[in-house]
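Undergrad: One structure follows; several queries about it will come next.
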Amino acid sequence: MSTETELRLTERWLALEHEAIWVLALVGARFPDLADTARHDLAAHRTTRDRLSGVVESLGGRPAGPRPSYAVTDPRDAAAARALVQDVESRIAAACVRLVAVTEDKARDRAVRGLRTAALGQVRWGAEPEPFPGLD
């Protein structure tokens with residue numbers, strides 16, 4: 001496995017963490033009934049973002065920052081808001097699966113933990129558990 005591949009895939013995961021933070025802030029601000037869960041998950045995603053930024057740097061990359069906004073559907077109700085969070089968690093799981101496939105040791109452990117966290121996040125936001133999360 002090349003460092004370039006690990007870097008590229010870690011950068012993709014980092015970009016998704018930025019998006020998750022943006023989505024969770026949106027959901028928490030617009031839907032008071034979801035605010036506590038959003039705040040909890042927001043803190044976890046910020047921690048992951050910070051760790052991944054360090055990993056990107058250690059691999060010789062320059063961590064990208066968040067975008068000013070993301071192309072997401074404006075959630076009209078709590079069900080749509082939950083689906084929005086489930087979607088980003090699903091894409092994070094898929095990014096982690098790719099890293100699991102091409103990394104070893106600490107990098108693979110980090111990706112497996114990320115996959116588990118994303119899969120649990122999907123379920124917490126109302127998705128049905130998947131036998132193999134992150135695989136399409």
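Undergrad: Looking at A93, is it buried (at least 19 other Cβ atoms within 10 Å of the Cβ), out of contact with any Leu (no Cβ under 9 Å at 6 or more places or on another chain) and modelled with pLDDT of 95 or more?
TA: Considered against the rule, which asks whether it is buried (at least 19 other Cβ atoms within 10 Å of the Cβ), out of contact with any Leu (no Cβ under 9 Å at 6 or more places or on another chain) and modelled with pLDDT of 95 or more, A93 comes out as no.
Undergrad: What pairs can you find where one residue is in segment 112-132 and at positive phi, the other is aliphatic (A, V, I, L, M) and open to solvent by 20 Å² or more (accessible area, probe 1.4 Å), and their Cβ atoms are less than 9 Å apart, with a gap of 6+ or different chains?
TA: G126/A79; G126/A83
Undergrad: If the Cβ limit is 7 Å and pairs must be 6+ apart or interchain, which residue in segment 94-105 that is in contact (Cβ under 8 Å) with a residue 40 or more places away in the chain pairs with which residue that is polar (S, T, N, Q) and open to solvent by 50 Å² or more (accessible area, probe 1.4 Å)?
TA: none
Undergrad: Kindly indicate the residue of segment 26-37 that is open to solvent by less than 40 Å² (accessible area, probe 1.4 Å) and touching a residue at least 24 places away in the same chain (Cβ under 8 Å) and also farthest from A119 (Cα to Cα) among those meeting that condition.
TA: Step by step, filter segment 26-37, then rank; the result is F31.
Undergrad: Right, here's the next one. Consider only pairs whose beta carbons are under 9 Å apart and that are at least six residues apart or on different chains; among these, list those whose first residue lies in segment 55-78 and is part of a loop (DSSP other than H, G, I, E, B) and whose second residue is at pLDDT below 90 and surrounded by 10 or more Cβ atoms within 10 Å (Cβ to Cβ).
TA: So the pair list comes out as L59/T3; G60/T3.
Undergrad: Go through the residues of segment 96-116 one by one and say whether even a single one is open to solvent by 60 Å² or more (accessible area, probe 1.4 Å) and touching a Leu at 6+ places or on another chain (Cβ under 7 Å).
TA: yes
Undergrad: Have a look at A64, A79 and point out the one that is open to solvent by 60 Å² or more (accessible area, probe 1.4 Å), of a type in the set (A, V, I, L, M, F, W, C) and either more than 16 Å from the chain's Cα centre (by Cα) or within 23 Å of P133 (Cα to Cα) (or both).
TA: The conditions single out A79.
Undergrad: Right, next: I'd like the full set of residues that are among the aliphatic types (A, V, I, L, M) and either more than 25 Å from D33 (Cα to Cα) or open to solvent by less than 30 Å² (accessible area, probe 1.4 Å) (or both), limited to segment 117-136.
TA: A118, A119, A127, L135
The values are calculated or read from the model by the stated rules, or taken from the named source; none is laboratory data. Because the structure is predicted, anything quoted here is derived from the model rather than measured. In this analysis, Cβ positions are derived from the backbone assuming ideal geometry, glycine residues included, and neighbour counts consider all displayed protein chains. Calculation scope for accessible area: heavy atoms of the full protein, side chains included, ligands and nucleic acids excluded. Shrake-Rupley method; radii C 1.70, N 1.55, O 1.52, S 1.80 Å.
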